[in-house]
Amino acid sequence: MVTFAQSSSTSSFCLRSQAWPYIRQTSSKTVLRHKQRHTQRNALQLTAVARREMRQPVIASAAKPTTKPTKYKSLLPPFSERETSVKQVSPGIWTFEQPMGYLTSLIGNPFPLKGVAFLGQKAVARMTVVRLRDGSLWVHSPVALTEQCETELRRLGRVSHVVLPCTSPEHWYYGPKLIDAFPEAQVWSAPELLTSEKGLPYFRDIRTPSLEALKKNRAPMVLSNSPPACWKGQFSVAVFNGGPLYSEVVFLHKSSGSLISSDLLLGVDDQCAPSEFARSVAKANGIYLQLGSPVVGKLIQSRGSFSRDFLNEVLAWSIKRVIPTHGALFFPGSRNPFNKDVKTAVRNALTKYLS
């Protein structure tokens, strides 16, 4: 019995071994036929779809841009994108305005391009562009060079001078990228700005790499109370040095009487302060429908005789309008939201800190 079982098992194994190549071949043919049928079915379906599409009109779709013209990654808010509003405020003078959203960028802004900012007030960063006598452009306090901003700036002409007028971050942070885009432009800076080892730790850390590269590659010139020869007869210049942490250079464009400042002067109207709460905050800081100096005022008080010399120089200018980097524009006549004489408003805003 044992011998028979072994013989039966052996014969069964031999039969399976002989039949396996045939079974394997048959299975492969079956799989191949299924694949061929599946391919034919897909081809018929694709043909039917193509016939239907041929009977429909073809509508060409517009090519989508690869990047938004307002896109700009930044350490200063808004962090990802911003719109640029360009306005001609006087013959040969334009402003480029972008939103500054300090508070809303941190907590989330349902209107990220509108720039409704600190304590309910609509804050903007404003770059001023002046056409010089030779036709080239003088750029004050650069804003973020988005694709939109660069297109508008190049449309105006050739940039020959870029001014970094203040040590506050929003007035120089965007400068290096704009300067790289215009390699023929001469760079000018406020005193203390290029001394990158000074200042508060956070601002010093973000200032050092970009400004060190700027000093190495572009040789910026430090501004003083004497205007450069290339601007002679076009601008007056006054430097306020508030110590190692702050300095600012203000300008008078002589032909238009425009005082161009960074943080020295600030005023807001109803458009800048759209809510009652925002207006109450502006009133508390002395800048609602009037000019004030809430940022630099304490420094003016602390600098004593130096401040008097600086203010006397500024107040001796023939000022007809004020173009600050933030807040409302202060223009004479019907465009004046403050209902006051411009020169008087400037005097009141600055001299009250010396009393």
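Do the conditions hold for Pro220, that is, is it surrounded by fewer than 23 Cβ atoms within 10 Å (Cβ to Cβ), under 14 Å from Ala190 (Cα atoms) and touching an Asp or Glu at 6+ places or on another chain (Cβ under 7 Å)?
When the stated conditions are applied, Pro220 does not pass them.
With respect to Ser168, is the statement that it is under 18 Å from Ile260 (Cα atoms) and more than 12 Å from the chain's Cα centre (by Cα) true? Considered against the rule, which asks whether it is under 18 Å from Ile260 (Cα atoms) and more than 12 Å from the chain's Cα centre (by Cα), Ser168 comes out as yes.
Of all positions in region 278-289, none carries a residue that is among the β-branched types (Val, Ile, Thr) and within 22 Å of Ser224 (Cβ to Cβ).
Within region 283-310, the set of residues being open to solvent by 40 Å² or more (accessible area, probe 1.4 Å), part of a loop (DSSP other than H, G, I, E, B) and touching a residue at least 12 places away in the same chain (Cβ under 8 Å) comprises Leu289, Gln290, Pro294, Val295, Arg303.
Of the residues Ile260, Ile206, the single one that is closer than 21 Å to Leu178 by Cα and at pLDDT 90 or above is Ile260. Of Ala181, Ala238, all but one fail to be open to solvent by 20 Å² or more (accessible area, probe 1.4 Å) and at pLDDT 90 or above; the exception is Ala181. Tell me which residues, restricted to region 257-268, are surrounded by 18 or more Cβ atoms within 10 Å (Cβ to Cβ) and either assigned to a strand (DSSP E or B) or out of contact with any Gly (no Cβ under 7 Å at 6 or more places or on another chain) (or both). Of everything in region 257-268, those that are surrounded by 18 or more Cβ atoms within 10 Å (Cβ to Cβ) and either assigned to a strand (DSSP E or B) or out of contact with any Gly (no Cβ under 7 Å at 6 or more places or on another chain) (or both) turn out to be Ser258, Leu259, Ile260, Ser261, Ser262, Asp263, Leu264, Leu265, Leu266, Val268.
The values are calculated or read from the model by the stated rules, or taken from the named source; none is laboratory data. All figures in this text were calculated on a predicted structure; none of them were measured in a lab. Cβ: placed from backbone, ideal geometry, glycine included. Neighbour counts: every protein chain shown. Heavy atoms of the whole protein, side chains included, go into the accessibility calculation; ligands, DNA and RNA do not. Shrake-Rupley method; radii C 1.70, N 1.55, O 1.52, S 1.80 Å.
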